[in-house]
Each structure stands twice: as C-alpha cells, then as structure tokens.
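Pasting a structure here, questions to come.
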Amino acid sequence: MNISDCTRVILIDSPDPWSLSAPSIPRIHVLPLGLVYLGSSLKREFQDKVQVRIIDPSMLSNPDEDTLGEIAAFAPHVVGIRSIGGNTEFASRILSAAPAAAPGAVLLVGGSSTSTYLERLLPQTGPPVIAVIGEGEKTIVEVVRRLRSVWRYDGLPGTAVIEKGKVSHTPGRKFLEDLDSITSPDWGLVSLEEYGAKMNLGCHRGKHAFLLTSRGCPYKCIYCSRMSGCLFRARSPQAVMEEIYQLYHQHSVRNFHVMDDNFTIDQQRAEEIMDLIIASKLKLRLYFTVGLRPDTLTTGLVEKMIQAGMVWISYAVETGSPRLQRLINKNLNLEKAREIINYTWDRGIMVNYFLMTGLPTETCEEAMETIAFAGMLKPFAVPNLFQAKYYQGTEMHRMAREAGFDMGSLEQAALAPYFDLRNGGTPTMSRSDMAKINYSFKRNLLLNRKRLEAGMERQLKFHSPEDVVSTYSIVMGRPFESLQEVLACAGEDGTAGAGRPLAGMG
C-alpha cells in the first residue's frame, strides 16, 4: 500500500461493558487521554499530511453501530482500537467488523489488555492485526511512516502481528525515557465541551482536562498490570506548567485531573509543580482521582496541594490487614496512611479512598479488618469498597490459578463494576461471605447517617446537588432523584431515619 496524499487515522476507545448496561444511572465518562497522545504524535510528525479522528463509543447512542458508521464515513487508512482492563469484547467485535467498514485499512489494537488477552481480542480470520505492546507513540508514527512509503508490517518493534490465527512477536520497544520530548496533547482532537457536560472521574460535571505528568511506578503490587512499567519517568515541572498555561488560556480549562500512576512518589518534584502553580496565581481546581499512596505525602505537601487548588484527592489503601499489605506487596504504612487521610479531611478537602476485598487467601476476619480501618478514618466524599480484579498477566492472577480459584467466576467479576461484590468468590471467602462484607461496609460506613451527611456536605462545598445525586446513583447502582432520597436510605445504624436538612439540598 502506497499513500502519498493525506493519511486518515481513526482511533477508538473501548468502553467498559458495565458502564453501558444501566441507562437509568449516570455514566462516568473518561476522556481518552492515551488516544489523544497518539493522535498528537501523528500530528506533530506529519502535520497536515495526516487526519486523525478519535471516537469514544461511550459518548454514542449505539456504541457498536455508530462506531462502525463513523469508520465507514471517515474511510480511514488506519483503524486503531484501545482495550484496557480486560474489557475486550467491544474491541474484538470492532476488529472483526472493521475490514468491511474500511476495506484495506491497517488494523491496530493497543492498551493494557493487548499482551495478556490476545486470544480474545483478535479475529482468527481476515486481514492481519498489529497489536501494539507497551507505549504506542513511536510505534504508531512508524506505522504511518511505512504506510506512506512502502507498507510492510514485519520487523516493527514493539508489536505482535496476528495473521491467520498465528502470532509473531517482534523485539520489544523501550519505554520512553524523556517524557518532555513527547508532544503535548492536541486538545483539538476531542471536544472538551462535550466531556464537560458528562460526569467525570471527579464525580462532577464541568469542563476539564487530564494531566499526565509522569509514567511508571516502582512499586510491584501483585494486582497491577504495570502498563507503564516499573521505572518512574517524569516530565519536568516547567513542561507541566506550560501545559497548564495552554489549557487555561487557550481552552478556558479550570478543572485539572492529575492521572499519574503515582504523582507524589517524588515529593520534591511534586512540591515544585505545586509551587509553580501557586506562583502563577491561576485559579485552578485540582483533582487527584487515580489514587495516591497516602504514605508518600506529608502534611507540608498536602498544604501546598491545597494552596495550588486541590479540591479532591483519592487515597489508595486497598486493605487494612497488615498481613495482606505484605502479601499484595504494597506494604503501606497503615498508621501513616490513617494520619494523612484524616489530616486531609480536616483541611476541608473532598477525600476519597479505595478499599478492596477478595484478595488471595483473605479471610472474612481480615476483610473486617479493612472495614474497621475505614471506620478509623474521617468521613469520605465518595465511598469505594471494590472487589479485587484478577487480570491476566498479573502476579495475583497467577496466584489465584495455583490456589485453585474458580477462574471463570474471576473472569466474570473482572468485567463487572469495581464496587459490585456480587460476583467472584475465593477459596477462603465465598460469594455469600463477600456479600456480607459488602453489607457491613454499607451499614457501618456508606449508610451511616452522620458519615453520609458529612460526606454530602463536603461535596456540596464544591459540586452541585445534581452532581452529588448522580454520584450516589453511580456508587449505589440505583437512580436517585434528590439528596433527600439518598439520605432516606441511611440511619445511625444503617436503617432509614430522619435527620437535619443539608445545605444545598433544596
């Protein structure tokens, strides 16, 4: 294939299947930052000789049908699909149907699911599919460069090629070391206004953008696929500030979500970024929604983050059991975690923390340790008790297989919402046990009236009543019409009861 005119590339995200299954409940829409980076790399390299279109099926009325319609209308030379977290079904369907919608197009698939779920993703018949392993900025540029001269897919570093049911791997591509060399995201590739009208990861509606200031995490938690590698690589504080200025002045963005694997692992660098924001006097709202290790923060860093504009922070705790902290290789300092989480809440910030149950060898008693630990924390803005996800390729998945877990149930649970504990079950905790743990969490924490009132009031300080209602609809898996209706579910002991009205409840 020889293309000398403008090369058309369409990049498609894969929606979580559960996010599309309950139309009466608001959806969280996650701006596809990874695809924006890929498209931006192409635009920098080829300028007006390439056209890039990004499709987020979660924003479409009929994800499959409308996505294929977009492909056919655009007539792309390259169709790329991102699949993460085991949500492979959508990507597989589109890959199978894409050759008919775009005859002759090169087919790419990437994302964290690519290397571990190849057998699910890729059709056994049809044209070859190129699986991009690891970071894709250089790989996709090389694909288009070859496409515009003499097309050949063999020997392309960082890929696996699937043709006629057979897989051939090429040598891996090294992770990018100088992140400042990557093109800043071209936000013209997506509509920030359209995403601003939807619920986002910070549980609110409003124009926002994602900041990725670093990649990689040196910790080796057994449940993590480590898509960005174990080597922490960071952009310079000055480059981060330049991107903030661009978004603030050129796109009128005021809400910024920091999407790093672990933003605070380098405390000095984190403080430098906060200092630059403070010195700029820009009026920002910072959301740290991904989940930071609380034992990597100090009260001084928290103060700087607040001064820079932080309104939301998520802390990744996982388990309150010291034994399980060692088993999952997180080794979180639980006492320090408790102190910094409570300190942050006392400073008036929306605090969220992530807990999980269903870990390998976890007992009901240890799960209750997690509930008890959460009970020592101040009220949360949004409660999250997740079911552990056993993704293929992780150490935890290997441990589960060797321990005789029902792998079929775990695979089903991996595609369910994180906060749905009705699936799964382990050799040491049955599905019934997990349901009881979930009930205890809801009774003692989520639906404890005093904690719920405090969490609601904290959210209403920053977010609209409509957004807070939507938040609890998502978390509780049922539609609510008002804050009073949410509050009616709660009582001092988890039963319904009346209480004082909240400010802003109307």
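The values are calculated or read from the model by the stated rules, or taken from the named source; none is laboratory data. Predicted, not measured: the structure shown is a model, and the values here were computed from it. Don't worry about glycine lacking a Cβ; one is built from the backbone with ideal geometry, like all the others, and counts go over all protein chains shown. Heavy atoms of the whole protein, side chains included, go into the accessibility calculation; ligands, DNA and RNA do not. Shrake-Rupley method; radii C 1.70, N 1.55, O 1.52, S 1.80 Å.
Taking ARG323 as meeting all but one of (1) closer than 20 Å to ARG458 by Cβ; (2) without any contact (Cβ under 8 Å) to a residue 60 or more places away in the chain; (3) open to solvent by 10 Å² or more (accessible area, probe 1.4 Å), write down the number of the exception.
(1)
Among the residues of region 435-477, which ones are touching a strand residue (DSSP E or B) at 6+ places or on another chain (Cβ under 6 Å) and open to solvent by 30 Å² or more (accessible area, probe 1.4 Å)?
Passing the criteria: ARG458, PHE462.
Among the residues of region 326-342, write down those that are under 15 Å from THR299 (Cβ atoms), assigned to a helix (DSSP H, G or I), open to solvent by 30 Å² or more (accessible area, probe 1.4 Å) and in contact (Cβ under 8 Å) with a residue 24 or more places away in the chain.
Looking only at region 326-342, we keep the residues that are under 15 Å from THR299 (Cβ atoms), and these are 333, 335-342.
Now drop any that are not assigned to a helix (DSSP H, G or I), which leaves 335-342.
Right, trim to open to solvent by 30 Å² or more (accessible area, probe 1.4 Å) and you get 335-336, 338-339.
Correct list: LYS336, ARG338.
Could you list all residues from region 351-374 that are out of contact with any strand residue (DSSP E or B) (no Cβ under 9 Å at 6 or more places or on another chain) and buried (at least 23 other Cβ atoms within 10 Å of the Cβ)?
Here is the first cut: in region 351-374, the ones out of contact with any strand residue (DSSP E or B) (no Cβ under 9 Å at 6 or more places or on another chain) are 360-365, 368-369, 372.
Matches in region 351-374: PRO360, GLU362.
Here's something else I'd like to know. Among SER280, SER252, which is open to solvent by 40 Å² or more (accessible area, probe 1.4 Å), hydroxyl-bearing (Ser, Thr, Tyr) and at pLDDT 95 or above? So that I can check it myself, show each step before the final result.
Numbers: SER280 fails: open to solvent by 40 Å² or more (accessible area, probe 1.4 Å).
Among SER280, SER252, only SER252 is open to solvent by 40 Å² or more (accessible area, probe 1.4 Å), hydroxyl-bearing (Ser, Thr, Tyr) and at pLDDT 95 or above.
Regarding MET305, is this residue open to solvent by less than 10 Å² (accessible area, probe 1.4 Å), over 21 Å from PRO383 (Cβ atoms) and hydrophobic (A, V, I, L, M, F, W, C)?
Numbers: open to solvent by less than 10 Å² (accessible area, probe 1.4 Å): yes; over 21 Å from PRO383 (Cβ atoms): yes; hydrophobic (A, V, I, L, M, F, W, C): yes.
Answer is yes for this residue.
Identify, please: which residue in region 150-198 is modelled with pLDDT of 85 or more and among the basic types (Lys, Arg) and is, among those, surrounded by the fewest Cβ atoms within 10 Å (Cβ to Cβ)?
If we take residues in region 150-198 being modelled with pLDDT of 85 or more and among the basic types (Lys, Arg), then LYS174 is surrounded by the fewest Cβ atoms within 10 Å (Cβ to Cβ).
Pick from region 115-136 the residues that are open to solvent by less than 20 Å² (accessible area, probe 1.4 Å) and in contact (Cβ under 8 Å) with a residue 60 or more places away in the chain: which of them is nearest to SER225 (Cα to Cα)?
TYR117
Can you pull out the residues in region 61-102 that are open to solvent by less than 30 Å² (accessible area, probe 1.4 Å) and not in a helix (DSSP H, G or I)?
Residues satisfying the conditions are PRO76, VAL78, VAL79, GLY80, ILE81, SER83, GLY85, GLY86, ASN87, THR88, ALA102.
So which helices (runs of 4 or more DSSP H) are wholly in region 360-479 and hold at least 1 residues that are under 24 Å from the mean Cα position of the chain (by Cα) and at pLDDT 95 or above? Give the derivation first.
Numbers: elements: 364-375, 395-402, 407-414, 431-441, 449-460, 465-476.
Answer list for region 360-479: 364-375, 449-460, 465-476.
Against the definition (surrounded by fewer than 16 Cβ atoms within 10 Å (Cβ to Cβ) and at pLDDT below 95), how does ASP48 come out, yes or no?
Details: surrounded by fewer than 16 Cβ atoms within 10 Å (Cβ to Cβ): yes; at pLDDT below 95: yes.
So ASP48 passes the test.
Continuing with this model, one more query. Sort out which residues of region 263-277 are surrounded by 20 or more Cβ atoms within 10 Å (Cβ to Cβ) and touching a Ser or Thr at 6+ places or on another chain (Cβ under 8 Å), and write them in order of number.
Within region 263-277, PHE263, THR264, ALA270, ILE273 meet the criteria.
Here's another thing I want to ask about it. Exactly one of (1) touching a Pro at 6+ places or on another chain (Cβ under 6 Å); (2) closer than 25 Å to GLY206 by Cα is unmet by LEU31. Its number?
All conditions are met except number (1).
Show the residue pairs that are 6+ apart or on different chains and have beta-carbon atoms under 8 Å apart, the first residue being within region 467-481 and more than 13 Å from SER24 (Cα to Cα), the second being basic (Lys, Arg) and open to solvent by 20 Å² or more (accessible area, probe 1.4 Å).
Note: pairs meeting the criteria are ASP467/ARG205.
Please find, among LEU286, LEU247, LEU231, the residue that is under 27 Å from GLY136 (Cα atoms) and crowded, with 18+ Cβ neighbours inside 10 Å. So that I can check it myself, show each step before the final result.
Working: LEU286 fails: under 27 Å from GLY136 (Cα atoms); LEU231 fails: crowded, with 18+ Cβ neighbours inside 10 Å.
Checking each option against the conditions leaves just LEU247.
Still on this structure, please answer the following. List the pairs whose first member sits in region 182-199 and is assigned to a helix (DSSP H, G or I), whose second member is among the aliphatic types (A, V, I, L, M) and open to solvent by less than 20 Å² (accessible area, probe 1.4 Å), and whose Cβ atoms are under 6 Å apart, counting only residues at least 6 apart or on separate chains?
Taking only residues 6 or more apart or on different chains, the pairs are LEU189/VAL36; TYR195/LEU31.
Under the condition of being in a helix (DSSP H, G or I) and of a type in the set (D, E, K, R), which residue from region 239-288 is nearest to LEU201 (Cα to Cα)? Explain how you work it out, then say what you get.
Here is the first cut: in region 239-288, the residues in a helix (DSSP H, G or I) are 239-251, 263-265, 267-280.
Subsequent filtering for residues that are of a type in the set (D, E, K, R) retains 242-243, 269, 271-272, 275.
Details: GLU242: 23, GLU243: 20, ARG269: 24, GLU271: 24, GLU272: 25, ASP275: 25 Å.
Residue satisfying both the conditions and the ranking: GLU243.
Given the residues SER236, SER252, which is the only one that is out of contact with any strand residue (DSSP E or B) (no Cβ under 8 Å at 6 or more places or on another chain), on the phi > 0 side of the Ramachandran plot and not hydrophobic (A, V, I, L, M, F, W, C)?
Numbers: SER236 fails: on the phi > 0 side of the Ramachandran plot.
Selected residue: SER252, the only one of SER236, SER252 that is out of contact with any strand residue (DSSP E or B) (no Cβ under 8 Å at 6 or more places or on another chain), on the phi > 0 side of the Ramachandran plot and not hydrophobic (A, V, I, L, M, F, W, C).
Could I ask something else about it? Which count do you get for residues in region 134-176 that are over 21 Å from PRO103 (Cα atoms), in a loop (DSSP other than H, G, I, E, B) and touching a strand residue (DSSP E or B) at 6+ places or on another chain (Cβ under 6 Å)?
2
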